[in-house]
1. Of the conditions (1) more than 7 Å from chain B (Cβ to nearest Cβ); (2) in a loop (DSSP other than H, G, I, E, B); (3) buried (at least 24 other Cβ atoms within 10 Å of the Cβ), A:Ile312 satisfies every one except a single condition; which number is it?
2. How many of the residues making up the range A:217-251 are of a type in the set (A, V, I, L, M), in contact with a Lys or Arg (Cβ under 7 Å, 6 or more places away or on another chain) and surrounded by fewer than 24 Cβ atoms within 10 Å (Cβ to Cβ)?
3. Residues in the range A:262-274: is at least one at the interface with chain B (Cβ under 10 Å from one of its Cβ atoms), among the β-branched types (Val, Ile, Thr) and in contact (Cβ under 8 Å) with a residue 12 or more places away in the chain?
4. Here are A:Pro188, A:Pro208: which of them is more than 20 Å from A:His299 (Cα to Cα), in contact (Cβ under 8 Å) with a residue 12 or more places away in the chain and outside the structural domain of A:Glu91 (by TED's automatic domain parsing)?
5. Any residue in the range A:178-188 that is on the phi > 0 side of the Ramachandran plot, buried (at least 20 other Cβ atoms within 10 Å of the Cβ) and within 25 Å of the chain's Cα centre (by Cα)?
6. Being within 11 Å of chain B (Cβ to nearest Cβ) and either touching a residue at least 60 places away in the same chain (Cβ under 8 Å) or within 14 Å of A:Pro241 (Cβ to Cβ) (or both) is the filter here, so list the residues in the range A:251-261 that pass it.
7. Specify which of the listed residues (A:Gly280, A:Gly302) is within 11 Å of chain B (Cβ to nearest Cβ) and within 22 Å of B:Thr124 (Cβ to Cβ).
8. Being free of Cβ contacts under 8 Å to residues at least 24 places away in the same chain, under 22 Å from A:Gln104 (Cβ atoms) and charged (D, E, K, R), is that true of even one residue in the range A:2-25?
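The values are calculated or read from the model by the stated rules, or taken from the named source; none is laboratory data. As the structure is a prediction and not an experimental result, all values here were calculated from the model. Virtual Cβ from ideal backbone geometry, glycine too; neighbours counted across all protein chains shown.
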Amino acid sequence: MAGKVDCEKLCPLWPCEDPSEFKGVWVVAEADENGIHEASLQMLTPARKIAEKLGSDVTGVLVGYNVKQYADEMIKYGADRVIVVDDPAFEMYAPDVYGDAVVQLAKKYKPEVILVAATMRGREMAPYIANTLRTGITADCTDFDVDEKTKDVLLIRPPFGAIMLAYIKTPLRRPQIGTARPNVFPLPPRDDSRTGEIVEEKVEPRKPRVRLVKRQIIPRSEVPIEKAEVIVSGGKGVGGPEGFKLLEELAKLLGGVVAGSRKAVDAGWIPHEKQVGQTGKSVKPILYIAVGISGAAQHMFGVREAGVVAAINIDPEAPIFKQADYGVVADYREVIPAMIELLKKAREKGSLEEVLAATKQT
Amino acid sequence: MRIVVGIKWVPNTQAVRFDPKTGTLIREGVPSVVNPHDLPAVELALQLRDRYGGEVIAITMAPPSAMKGLEHVLGMGIDRAVLITDRAFAGADTLATSYVLAEGIKKIEKDIGKVDLAVFGQETIDSSTAHIGAQVASWLDWPYIYYVHKAELAREGVLLVERRLEDRVEWYEIELPGVISVAMKALKPRPVSLIRKIRVKQENPVIVWTNKELGLDTRCIGLKGSPTIVSKVTFTPEVPRKKVVYKPRDGLDAAVWLLEQLAKDEKAGKVIERAVRGEF
């Protein structure tokens, strides 16, 4: 026996360890030349929640080269301590080399929980870490909780299209590992007065069998949807690529960008990197205008963190109206050109109020 | 090259419904398909075989009904297939599933010959975890890389892949044997050839392995071999929204109403104000 675990019953390929010996909540962060990825800092929000419920603390983990300079950033955003592996051997990212470094640290420190932001790299590396430790992993969590009795972490995720939530436990193994998509959790408040310990660690880097030979940064002409403050998003009801030009014009006037639902992406009206929803991206604009989008759970999953949701849909029965702040039952082909016209006039006059009042009188 | 490509036979998620009383999935009458994100992986494997020779073997761990899915990819040009099926594998999470797949690949190496490359789709439409590629690589201790769009041999035993991340294109060399997972929609899958499908039925190139053939410890497979368990399932809580709905006289009326609401709104008001000033 190892604590509550009966070693005889456990798969012999797994280490038999007492779960109660594992302590602390880790956030394994991703950093590049621009600093720590915002999605990694967002993971400190659920990490703090879990740590509080477990009566434990939060440790950031940073692996790379020239990354020590960013460690303090994790403390400011809520980590109590940061373990840094800063070594030229990690100048080039390879999922198994980086993953193996985290595995070595986890074997030494025995954290109870490991959270990883589900960026593309995070989704690539986290299952390797979990599997190499022979423990469980839950992808794309939307919430976390702790079972009061057993103290198991509940990793909560929407399986099968976001209508249901599954509460997943890892009762016999530690660490308990989960990922969450960028923008599913808010960034914790930054506190410049926070201080914490920075622990420099050495690990034995494994020999790389995957080598980066070339890279090319894709220049961005506009704000990516996950960073936009205003999004005008189109669905099946937009009816074609021409409709998206109208959406684009409104988005520009509002200082925003255009996005789309899975149906719009599948139809080829808008590229996949602009897809909002469970199989696309989660976004957190101040204003999200859904045009011709029915409001399927998979789509609405992606706008949980949106400040205000407005909907324009010709179908009064569309479920979107039950999930929006402001809805108008109308044809967007009539509404959006009118909105564009009114906004243009308002900009000329310097007042929307006046323009709306004058329009109402006529 | 001998390439193994992983396939999942999944219920077509768009047709899946929930029983709100029991909180379980209603799978009856729901048609299954080969996971659409696996098809670009099949295509890439076939292109590599067409260019460099060798064979492509599809592998799946599934109930016997998945035979139909294997027939589909055999119809696309896969050379042979392995169906790993046993009640003992039921209830597996991704760790237990990847263990069986990795052991399947080992058995292919033992019975058929050395495997150079294992190819997976990026994720499945039914659970979209994207775990399996990395987990199989971990069990086999092979190198791996995700989000592959193109692949070619750089030299003997080394594959050059092009992959795309959020903001960059990267070219990696990966030592073989290795694992790659192919990005969603990266390649257009070739159609199923009817003649091939008929021939496939006659030649029956599907090998069926149960746990009798694999001989895996029952503590490492299925439910027992899964460190994660689903403790409960609930409905997703609603995000609180105002839900004000307006039925306008016409488009202009709708535009006025909506802009008025947004301008008055505590959060959206700032955005509208900024738009009017033209300051971004």
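1. (2)
2. So the count comes out to 2.
3. Scanning the range A:262-274, I find at least one residue that is at the interface with chain B (Cβ under 10 Å from one of its Cβ atoms), among the β-branched types (Val, Ile, Thr) and in contact (Cβ under 8 Å) with a residue 12 or more places away in the chain, so the answer is yes.
4. A:Pro208
5. Checked against the condition, which is being on the phi > 0 side of the Ramachandran plot, buried (at least 20 other Cβ atoms within 10 Å of the Cβ) and within 25 Å of the chain's Cα centre (by Cα), the range A:178-188 yields at least one hit.
6. A:Leu253, A:Leu254 - these are the residues of the range A:251-261 that are within 11 Å of chain B (Cβ to nearest Cβ) and either touching a residue at least 60 places away in the same chain (Cβ under 8 Å) or within 14 Å of A:Pro241 (Cβ to Cβ) (or both).
7. Only one candidate qualifies: A:Gly280.
8. Scanning the range A:2-25 turns up at least one residue that is free of Cβ contacts under 8 Å to residues at least 24 places away in the same chain, under 22 Å from A:Gln104 (Cβ atoms) and charged (D, E, K, R).
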